[in-house]
Structures are given as C-alpha cells and as structure tokens.
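The values are calculated or read from the model by the stated rules, or taken from the named source; none is laboratory data. Here the structure is a predicted model, which means the values were calculated and not measured. Backbone-built Cβ (ideal geometry, glycine too); neighbour counts: all protein chains shown. Ligands, DNA and RNA are stripped out before the accessible areas are found, and what is left, the full protein with its side chains, is counted by its heavy atoms. Shrake-Rupley method; radii C 1.70, N 1.55, O 1.52, S 1.80 Å.
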Amino acid sequence: QTKWDLPAAYPATNFHTVNLTQFAADVDKATSGKLKITVHAGASLFKAPEIKRAVQGGQAQIGEILLPAYQNEWQMFGADGIPFLATSYAESKKLYAAQKPILEKKLAEQGMMLLYAVAWPPQGLYSKKPINSAADLKGNKWRAYSPATSRIAELVGAQPVTVQAAELSQALATGVVESNMTSGATGVDSKLYEHLKYYYDVQAWLPKNAVLVNKKAFDALDKPTQDAVLKAGAEAEARGWAASEKVNTDTLATLKANGMEVLPPSPQLKADLQKVGETMLKEWLDKAGADGQAMLGAYRK
Amino acid sequence: MNEILVTSLLIVALFLLLGSGVWIGLTLAGVAWIGMELFSSRPAGDAMAITIWGSASSWTLTALPLFVWMGEILFRTKLSESMFRGLAPWVNALPGRLLHTNILGSTIFAAVSGSSAATCATIGKMTIPELSKRGYPAEKVVGSLGGASTLGLLIPPSIIMIVYGVAAEVSIAKLFVGGVLPGLMLAALFSGHLMIWALLNPAKVPKADADMSLAQKLAESRHLIPVVLLIGGVIGSIYTGIATATEAAAIGVVGALILSAAQGSLNRSTFVASLLGATRLYCMIALILAGAAFLTLSMGYIGLPRHLAEFVSGLGLSPGVLLVALALFYILLGCFLDGISMIVLTMGVILPTVTAAGIDLIWFGIFVVIVVEMAQITPPVGFNLFVLQGMTRREITWIARVCAPYFGLMVLALLLLWWFPGLVTWLPSRM
Amino acid sequence: MRKLLDSLYTGSAWLAALFMIGVLAMVLLSIISRVAGFHVPGTDAYAGYAMAGAGFLALAHTLKSNEHIRVTLIIGKLTGGARRGMEMWALGVATLLSGLLAFYAWRLAWQSHEFHDISTGNDATPLWIPQILMGIGCTVLFIAFVDEWILEMQGRRARAGSDTRHE
Ligand code: NA
Ligand code: NA
C-alpha cells in the first residue's frame, strides 16, 4: 500500500476541496486501497505559497495550487490571471487548452506533472459605492493582493491597499478597503456582502487551481495504479468545471439574497476595463516572450 | 492499537527531553523529528525547514514582536507606576485591590491584540514588577495574569477566530461580536475569584492606602491620562481605519516611544535596552513557535489528531455528550499542541459532526476559542506558561499550578455558555 | 577565540535588533502610505522577512543571556557529576538539533535558489535571499551550543541559577 499526502489551501467545504476529496475516494476505490491519498484541506499541512515547492521537493507527492499566484516565478503561470483575456467558461477552457502543452513542459522540467486544472468562477468587482466607469475608481481604496490586482489599480488610478485576506472583513468594516476584485464564490466565503453593497459581474478572469503530482512519486506506482490516478484525475477535471459553473450561479444568487446589488458593468466601465486589459496583455507578452506569443496564437486561432 | 503506541512513544519522548532540561523549542522540534522519522515516510529535514521558515516569516505574526517591544519600552517608563497610582484609590474598597489590574489591563489590551502571548508579555511587563514591589503575593500576580491574558483570544480582534472562521465558513465579524460578552463574563469570573480569595485571605493582600475624598481620587486619576491616551490611540487607530489590527502594534510602539520621550525617560541607553530586551524575549518565543510549527506539521503527516477527531466524531453522541467529549478531546490535545494547530488539524473532521448535531457554529467557535484559551495555560506545552517563565524565571510547574484556578473558571464558563447560549448568540443576531 | 565567539553572538544580536526596527519601519510604511495615498508594494512581506531576521539572528545571544527557557526542575536539584552529565546530555541533544536546523536551513535557501522559488506576493523577492538569515542564525546558534558544551565539559560554564530574573 502506498500513501500520498495532498496539501490544499482552501477549506474542506470549498468546491475545489470537495472535488479533491472525491478524487481521493475514487483512486482508493479504483486501486482497491493500494493508493491512499490523504487530503489536507485548509492549509493544514503546508500554507498556500509553500505547496508547489513541497510537491517539487517531494515533501508531498501531490498538491493543489492556484496557478496565477506563481506568476512571479514564471509569467506563463499567470496566463489565466490576465484580465479580460478569457472571460467566460468557454473562453477559459480554450485558454486552458492553449496553455496546457507549455505548462506541462515547464512542470516536467521541474520534476512534476499536471494532473488536472479547474477554473474558479469569474472575478467580479466588489465596491462600497456605485461604479459606472473607471473614473469612479479614482482614489478608491482598492485591495491589491497580487501583482495583477496592483497593476489594475494603477491603471485605473485607484489606490492599491495591502490587506491580508485574514483582515479583509475588518478592513472593509473600518473603510481601510473600499473595493476588491474576486469571484462570487470567494465573496460568499468571506461574507463580503456584510460590508459592500455593489457587485459588478465584469468577469475579469477565471484563475485556475491546478493539481500537480511529483513525477518520481508517480513513476514509483505500478501501471494499473498510474492509470487509475490519471482516470480519476480526468473525471475530477470534468466534475470540477461543472461544479465551478454551478457555484458561480449559486453564489451570485447568495450575494443577491444577502442584499447585494449584483449588476452587469455599464458599457463605459466595460470599455474602460477592456482598455486596461489590452495594456496588461501587452505588458504580459513583453515579459512572457515566445511562450506567451505561442499561447496567445493558439488561443486566438 | 498502533495509534496508542505512537502516542505513548511521542509523549515519552516529550517528557524525557523536557525533563532532562533540553530547551523547549528544540524539544518540540525533536519530538516532531522522531515522529516523522518513525511514523511517516517523508523526509523530515526539508519539510521542517520550509515550515519553520513559513511560520517565522509569516506576516500574521508581526504584531507579536512589536507588542513585545512596546511592553519593553513601557517597562522603562513611569507609565505603570503612574497607572497604579491613578487606579489605587478606586480599588481600595475592592477585595483584592490592585490585583484586578491584571484582569482589567488584559481585558482592555485584548481589544488591541489578537494573541494571548502578546497580551501576556505586554501587560506582564507593566504589572508584575509593580505588583511585586507593592507586596502582592507572587502566586496571585502571576496566576491572574496567566489566566486573564488568554482573553486576548476571546475579545476581538482575535487571530484564532479568524482561523476558525475561515475553516468553518462563518462570519468573522459575527464571531468577533460573539466573543465580547463571554470575554467580559470570563473577566468577571476572574475578578470574582480574586475577590473571594482576598476575602478568605485578608492577611495576604497589602494594606490599602489612606482613604481619600472623591475630589482627591479624581485628582489622583490624572495619572491615568497617559495610559488612557496610549491604549485609546491604539484602539482608535483600528476602529477609525487608520491601521489594521496587526498594524496597530506599530502604532503602539510609536505611542510608547512618544510617551517615554514626554516623560523624559527616553534616551540612548533605555532605547537600546528596550530594543535588545524585546529582541531576546521575542526570540525566546520565536524558537518555541518554530518547534511548535514543526510539531504541527509532523502531527499532520502522522494524522494523530485527525484520527482522534474521527474517533470522537464516529461515536454518534448526542449534542450534550458530544460537547463534553470534544471539550475533553481539546483539553487533552491542548496539553501538547498550540491552539491554532489544534484547530487547523481537526476542524475538517470535527465540523461536519458538529453541524450534524445541530450545534450553532458561532456558538461552537466561541466554545473552541475558550478551550484554546485553556490550552495556553496547561503544561507541558502552554504558550502563556512559557512567556511567564521567560519573564519571572519561575519553574513551569509552579506557573502551571498558580494558573490552575483560572483553568477551572474557564471550565465553569463553558458550562455557563451551555446553559445560556444567548451569551454568545444574542449580540451577533442583532447585527 | 573567546573574544571572537562572543563578538559573533553580540554582532548577530545587533543585526537582529536592526531587523526588529525593520519590522516597525515596514509596518509604519504600510500605514503611512495608505494614509498619504501612495503605494509601496510588498511592505507586508518585508515586515515578515525582517521578523524572521530578528528571531533567527538573536538565537545565540538569547541562549548566552540564559533567556531561552527550559524545564530545570530535575537538573536544578542535581549537583556535581550528575549535574554535569545531565547538562552535557541536554546540550548534546540541543547541539544535534540546532545542527540539523542549521543544515536544513541552508539547504532550504539553496533549494529555493535551485527551484527559482519567488515570493508569490507583491514583493516578488527570490526567497533564498531572506532565507539566508535563517541559515546564519541557526548556524550561530549551533556554534553557541557547541561552545556551551565544551565549556560545560571543562567545567567553566556559568551556572544559570533559577534566580536570574529577566531585567
Ligand atoms: Na483580542
Ligand atoms: Na497547553
């Protein structure tokens, strides 16, 4: 019997984690208990930024990471965090297909393999005040939690504010933060409706969680077990994308039910953000080089 | 049966290393290492380094060294002396007199700090020397501080509530509000205990100062102005949105420096002494935190807390019995692990059971926070015990003994919350 | 040699104290930048690295100041050879563990360099740079434990009674 540890950063009830737990159970069943995968949810084994290197270094055989979080390391990881490039589930799947070969190559160089990836629901704009155009965001205290969200703030003239997720709720209550860009799902998880009134469904990007496997650990399995892992992974991927769409619909309804105004962006806001997206795509391409061009070419084909 | 073997082996190793005088932080790391080498197939060293680095450089902890520094600065000012002068006339009639400053100070400081170690270190720096100088018995001075400073967790802001809130997906704001009444209730229980003890042992409480008229009392209260300004400034910076709860510690350091300068006690040598003193005290705590982080990781790999939690969950108990079982489970775990680790390692398993039993998750959050508070003062691994040992140089067994009554009062608080759940749920329901 | 070692411990303690000021500076900067309306990316991460520096670099000095805590219930009751044996055992275990810590701390920094592990935050710092602080701090602690072990063996180690109060 082989035992694998699977560190994951999100709480046990998050749809990604629920999917992982199901995946582990499927593997257990398909291999008749020969491979036991323990899911360590809620960052209980390793914290989010440590998970990738834990898999890379063999401290965990398998782990789940948020891809765009690793953009600092390699620009291609940030491809699904480029705002307004892929803004629907269909586009996001297309982007994933274009990214996949490049990602797989890089991960193979790092001694890992990509088992599957599932998108988060699209990112929307949460705000205390109504926002009808980018001009309304000028001077607005905007939570900058990643390089991309910082850059958006700079481009629209908002004031980027550094506040950790743990302190967000308090920061919103005291006015340290006035706007935030994240998904409906995260908004429900962190109860953003307690302090913010408006949600603009701008569908900025659909970041993906990827499940990575340490190649050495995978190679050490016998063939039937390897196949079982791959098969369960493929099923988890399909299940995860469907769950994500459902979570998107459900959580927007939850936001509404809790008194939030869930609105489509005004044409002006949409146009303004589109312009931000173009600038950021250009900047990203400059840094991502040939890989970036290749991916974009495949995506736009 | 394997579980029992693993557990006993690790506990034996823990007591052997601790008892033979190995430094506490290193002992925890050593036990974690033994656990990983014997009961998991993972390479221990690399995992240890990642985890210790992660915990030592984590932004969430930055308030701790800053609050420790604030305490070291204030310790070198006349602030505590003047605070006691201002308070003394008002508490003369109260049985226990100035002993209540530990409770009052911790309760107020808990509204600034989210950790009990920081509360213990900062308040202790001000009250321990002053109360000892005035002749209050050491056991009551240290015990009441150890007990009351755990309120740092229950009175918002609170790191542990954020951890629980994220795991249980309940509103952190509601948890914060839910902790207010139980926190005040615990403070009242602690004060009540001191009063009863003082009435039973009148000889052990130092004599009251001469009686004063109301006007005189009010005049003496002017000595409270600096401390009120300082604490008010720090709390104010959080609630006006100038600083987050973590950043408020920096406001505290600056405030303490200004106060120290205004009183004329700030000079090169006191500044350097406070800085080096704070660095050492923080370093002492950091080594233990590092060992504890590695022990948590090791426990995560071995799965011991998880299996115990699964066992309790699988018993199919009624809500009341389940809570008793969980309280015992967490008290036992709390002897060996720190609070945040307990929550992180077990919540995934415990929460579905608690939800299925129909227990309110906000109420359960407060229940868990109080149990974690108890863990801060139970030996052999209790962070408040360690901070107090660092400050008083007493044996940890003595400190654990003088803190024991407050452990009992927290058990009583759990019972009261069970009988009167509204103490927790009433305020959040009005939000 | 004695002088060299002592200045190693004090020197790294002074560095630790500077990092303590660094924590304060970084947190203040994040408050001030927000109030004044400018943005300095990554202050939170820098505060974290500075805190790690303050903690690790002070380890040896804190040990030498007898401020790292341990249970002296049994050891304190022993005298003569038994006491020395027990002290050497405790110091030996501590030397071994701090040695492991130092070795793996350097390995961590080296691996971070090999893996190109870069902070995922706004600071985008290559992590091996701050992790060097952990390597240095743990190594100095290891040296201090070896030093104490030798002093104990030679019977020249200052007896730390339980009456030395903090400040
Ligand atoms: Na608090
Ligand atoms: Na404990």
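For segment C:2-154, divide the Cα radius of gyration by the Kirkwood radius and give the resulting Rg/Rh value with two decimals.
Rounded to two decimals, Rg over Rh is 1.10.
Collect residues whose amide H, placed 1.01 Å from N in the peptide plane, falls under 5 Å from the amide H of residue A:4; neighbours closer than 5 in sequence don't count.
Here A:36, A:37, A:38 satisfy the definition.
At R0 = 30 Å, how high is the FRET efficiency between residue A:25 and residue C:113 if r is their beta carbon distance? Nearest 0.05 is fine.
FRET efficiency, residue A:25 to residue C:113: 0.20.
What's the percent breakdown of Cα-Cα distances in segment B:74-218 across 10 Å bins, shortest bin first?
12, 38, 32, 14, 4, 0
Within segment A:110-156, report the trypsin sites (Lys or Arg not before Pro) that DSSP leaves as loop and that have at most 12 other Cβ atoms within 10 Å.
Here the trypsin sites (Lys or Arg not before Pro) that fit, given the DSSP loop and packing criteria, are A:138.
Round to the nearest 0.05 the FRET efficiency obtained for residue A:245 and residue A:173 when R0 = 35 Å and r is the Cβ-Cβ distance.
0.65
If you put +1 on each Lys and Arg Cβ and -1 on each Asp and Glu Cβ, how big is the dipole of chain C around its Cα centre, in Debye rounded to 20?
Rounded to the nearest 20 debye, it is 660 debye.
I want to check the label-to-label distance for residue A:227 and residue B:404. Put each point 7 Å from Cα in the C-beta direction and report it in nm to one decimal.
Distance between the two pseudo-spin positions: 6.5 nm.
Given an 8 Å cut-off on Cα distances and at least 6 residues of separation, report the relative contact order of chain B as a percent.
26
Taking only C-alpha pairs under 8 Å that are 6+ residues apart, what is the relative contact order of segment B:251-391 in percent?
25
Among the trypsin sites (Lys or Arg not before Pro) in segment B:51-130, which ones are in a DSSP loop with at most 16 other Cβ atoms within 10 Å of the Cβ? Mind listing them?
Sites meeting the loop and neighbour criteria: B:78.
What is the dipole size for the protein assembly as shown, taken about its Cα centre, with +1 at each Lys and Arg Cβ and -1 at each Asp and Glu Cβ, in debye to the nearest 20?
1300
Quick one: helix A:223-257 against the long Cα principal axis of chain A, what's the angle to the nearest 10°, folded into 0 to 90?
20
Which pairs break 20 Å Cα to Cα here: A:208/A:246; A:93/A:216; A:246/A:301; A:106/A:208; A:36/A:215?
Flagged as over cut-off: A:93/A:216; A:246/A:301.
If every alpha-carbon in the protein assembly as shown counts as one equal scatterer, what log10 I(q)/I(0) does Debye give at q = 0.05, 0.08 1/Å?
The Debye formula, applied to the Cα set alone, gives -0.28, -0.74.
Under 10 Å, Cα contacts only: if you run a Gaussian network model on chain C, which one of C:70, C:157, C:84 comes out with the highest mean-square fluctuation?
Highest fluctuation among the options: C:70.
Could you tell me the calculated FRET efficiency between residue B:224 and residue B:418, based on Cβ-Cβ distance and R0 = 51 angstrom, to the nearest 0.05?
The pair residue B:224/residue B:418 has a calculated efficiency of 0.85.
Counting each DSSP H run of 4 or more residues in the protein assembly as shown as -39500 (n - 2.57), what helix-only mean residue ellipticity at 222 nm follows after dividing by all residues, to the nearest 500 deg cm²/dmol?
So the calculated ellipticity at 222 nm is -21500 deg cm²/dmol.
Under the rule of at least 5 residues apart or a separate chain, name every residue whose amide H is placed under 5 Å from the amide H of residue A:182.
Result for residue A:182 returns A:124, A:126.
Which whole-angstrom value gives the distance between the alpha carbon centres of segment C:59-100 and segment B:132-171?
30
Of C:99, C:124, C:154, which is farthest towards the positive pole of segment C:28-167's charge dipole, taken about the Cα centre with +1 and -1 on the beta-carbons of Lys, Arg and Asp, Glu respectively?
The listed residue farthest towards the positive side: C:154.
Under 5 Å between amide hydrogens, which residues at least 5 positions from residue A:140 or on another chain qualify, with H placed 1.01 Å from N in the peptide plane?
Under 5 Å from the amide H of residue A:140 lie the amide H atoms of A:159, each far enough along the sequence or on another chain.
Quote the accessible area belonging to residue A:249 in square angstrom, nearest 10, computed with a 1.4 Å probe and with ligands, DNA and RNA left uncounted.
Result for residue A:249: roughly 90 Å² accessible.
Over all directions, what mean area does the Cα convex hull of segment B:165-206 project, stated in square nanometres?
4.2
Cut-off 10 angstrom, C-alpha nodes, Gaussian network model of chain B. Which of B:375, B:400, B:167 fluctuates the most?
B:167
In degrees from 0 to 90, rounded to the nearest 10, what is the angle of the helix C:43-57 Cα long axis to the longest principal axis of chain C?
10
Using the alpha-carbon centroid of each, what span in Å lies between segment B:412-428 and segment C:9-48?
With segment B:412-428 and segment C:9-48 each reduced to a Cα centre, they are spaced 41 Å.
Which whole-Hz ³J(HN,Hα) couplings does segment B:102-113 yield from phi under the Karplus relation 6.51 cos²θ - 1.76 cosθ + 1.60, θ = phi - 60°, glycine and proline marked x?
4, 5, 4, x, 5, 4, 5, 5, 4, 6, 9, 10
Name the aspartates and glutamates eligible as straight-distance cross-link partners of residue A:105: C-alpha to C-alpha under 13 Å, and not fewer than 8 places from it in the same chain.
Candidates past the 8-residue exclusion: A:291.
Straight-line reach only, C-alpha to C-alpha below 12 angstrom: list the aspartates and glutamates that residue A:128 could link to, leaving out same-chain residues fewer than 8 apart.
A:136, A:178, A:194, A:261
Over the Cα atoms of chain B, Rg to Rh with Kirkwood Rh, two decimal places?
0.97
Does chain A come out rounded, prolate or oblate, given a ≥ b ≥ c as the square roots of the eigenvalues of its C-alpha gyration tensor, rounded meaning a/c under 1.5 and, failing that, prolate meaning a/b above b/c?
It is prolate, given that a/c is not under 1.5 and a/b is the larger ratio.
About its Cα centre, how strong a charge dipole does segment B:9-91 have in debye, to the nearest 20, once Lys and Arg get +1 and Asp and Glu get -1 at the Cβ?
In total the dipole reaches around 300 debye.
Give, as ranges by residue number, the residues of segment B:325-353 whose backbone N falls under 15 Å from the point 7 Å along Cα→Cβ of residue B:315.
B:325-333, B:350, B:353
For a label point 7 angstrom out from the Cα of residue A:32 toward its Cβ, which stretches of segment A:220-246 have the backbone nitrogen within less than 14 Å?
Answer for this model: A:224-225.
Heavy atoms of the protein only, probe of 1.4 Å, neighbouring chains included. What is the accessible area of residue B:411 in Å², nearest 10?
Rounded to the nearest 10, that gives 60 Å².
For chain B, with a Gaussian network of springs between Cα atoms less than 10 Å apart, report the residue from B:334, B:390, B:105 with the top mean-square fluctuation.
Ranking B:334, B:390, B:105 by mean-square fluctuation puts B:390 first.
Rounded to whole Hz and in sequence order, give me ³J(HN,Hα) for segment B:411-419 from the Karplus expression 6.51 cos²θ - 1.76 cosθ + 1.60, θ = phi - 60°, writing x for Gly and Pro.
Listing the rounded values in order: 4, 4, 4, 4, 4, 4, 5, 5, 6 Hz.
What distance in nm lies between label points placed 7 Å from Cα along the C-beta direction at residue A:109 and residue A:129?
Distance between label points: 4.6 nm.
Relative contact order (percent) for segment B:106-244, with alpha-carbon contacts under 8 angstrom and 6 or more residues of separation?
Worked out over segment B:106-244, it gives 26 percent.
If you look at just the Cα atoms of segment C:29-78, how large are its Rg and its Dmax in Å?
19.3, 62
Cross-chain or 8 or more residues apart, Cα under 24 Å: how many lysine pairs in chain B fit that? Count them up, please.
Pairs that pass both the separation and distance tests number 15.
List, in order, the whole-Hz ³J(HN,Hα) value for each residue of segment B:186-203 obtained from phi through the Karplus relation with A = 6.51, B = -1.76, C = 1.60 and θ = phi - 60°; use x for Gly and Pro.
Couplings: 4, 4, 5, 4, 4, 5, x, 4, 5, 5, 4, 4, 5, 5, 7, 10, x, 5 Hz.
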